[in-house]
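The values are calculated or read from the model by the stated rules, or taken from the named source; none is laboratory data. These numbers come from a predicted model, not from an experiment. Because the Cβ atoms are built from the backbone with ideal geometry, glycine has one as well, and the counts that use them run over all protein chains shown. Surface areas here come from the heavy atoms of the whole protein model, side chains and all, with no ligands, DNA or RNA. Shrake-Rupley method; radii C 1.70, N 1.55, O 1.52, S 1.80 Å.
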Amino acid sequence: MRDMIASEAALRDDLAAAFRITHRLGWSESVGNHFSAALSEDGKRFLLNPRWQHFATIGPDDLLDLHSDDTGVLDRPDAPDASAWCIHGAIHRALPRARVILHVHSPYATALACLADPTMLPLDNNTCRFFGRVAYDLDFGGIADAEEEGARIAGSLGDKDVLLMGNHGVTFIAPTVAAAFEDLYFFEKAAQTMILTRSTGQKLAVLSDAVAQHTAEGWRSYAGMADRHFAWQKAQVPL
């Protein structure tokens, strides 16, 4: 029991820090967007940021403890944002492997999502990191706040761990907060490369699938970077 309490406390601390880090890097949006992390083995009990609390102010004790099967959650006095509940509740309900979910409208990822063809092409190390890992949902229908919309978004992920949401933003799922944040960090850099290279109007030097796959597999030996990088970022944003 003591280990479970300590584990939840550590998860709360990491998730709360991820909000503050994201704001520090300029990837927050007013008091919107949302992150969550599963507490139960089936993923249905999860932590989520409170409705419209600014990322820069979120601490471990601010996070809501929710259950994706709770049909009355939006009727609570402290109900979460409807869009946050729609997206995160649906994904946690459908995908137990989604231990951590980060949803943002970061500048370059959103710009990429607004292209008619938003495919993340293998152009360099960072873009290759996501080769074969990105799902695309191009059926934007406005603010995602309906149950069926959440189910469709969850279904769009399939076996991928990055969902580029057309005309919207991007969502990441990962086993830890550090791993999810590292994907957010590198995806934004990769999207920046995509936008900048496309803006030249020149032909892109797209790598072959074989080279892209080899480069993507090469990233696996650097998995430990995520924890080190996240620890440094946390030190920059004390509550």
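Sort through Asp159, Asp145, Asp139 and tell me the only one that's touching a Cys at 6+ places or on another chain (Cβ under 9 Å), part of a loop (DSSP other than H, G, I, E, B) and open to solvent by 40 Å² or more (accessible area, probe 1.4 Å).
One residue alone meets the criteria, Asp145.
If you take the residues of the range 83-128 that are of a type in the set (A, V, I, L, M, F, W, C) and surrounded by fewer than 16 Cβ atoms within 10 Å (Cβ to Cβ), which of them is farthest from the chain's Cα centre (by Cα)?
Ala116
Please verify whether the range 201-212 includes one or more residues that are among the charged types (D, E, K, R), open to solvent by 40 Å² or more (accessible area, probe 1.4 Å) and within 25 Å of Ala84 (Cα to Cα).
Within the range 201-212, not a single residue is among the charged types (D, E, K, R), open to solvent by 40 Å² or more (accessible area, probe 1.4 Å) and within 25 Å of Ala84 (Cα to Cα).
Within the range 59-79, identify whether any single residue is open to solvent by less than 40 Å² (accessible area, probe 1.4 Å) and on the phi > 0 side of the Ramachandran plot, and answer yes or no.
Within the range 59-79, none of the residues are open to solvent by less than 40 Å² (accessible area, probe 1.4 Å) and on the phi > 0 side of the Ramachandran plot.
Select from the range 1-33 the residues that are in contact with a helix residue (DSSP H, G or I) (Cβ under 9 Å, 6 or more places away or on another chain), modelled with pLDDT under 95 and assigned to a loop (DSSP other than H, G, I, E, B) and list them in ascending order.
Val31, Asn33
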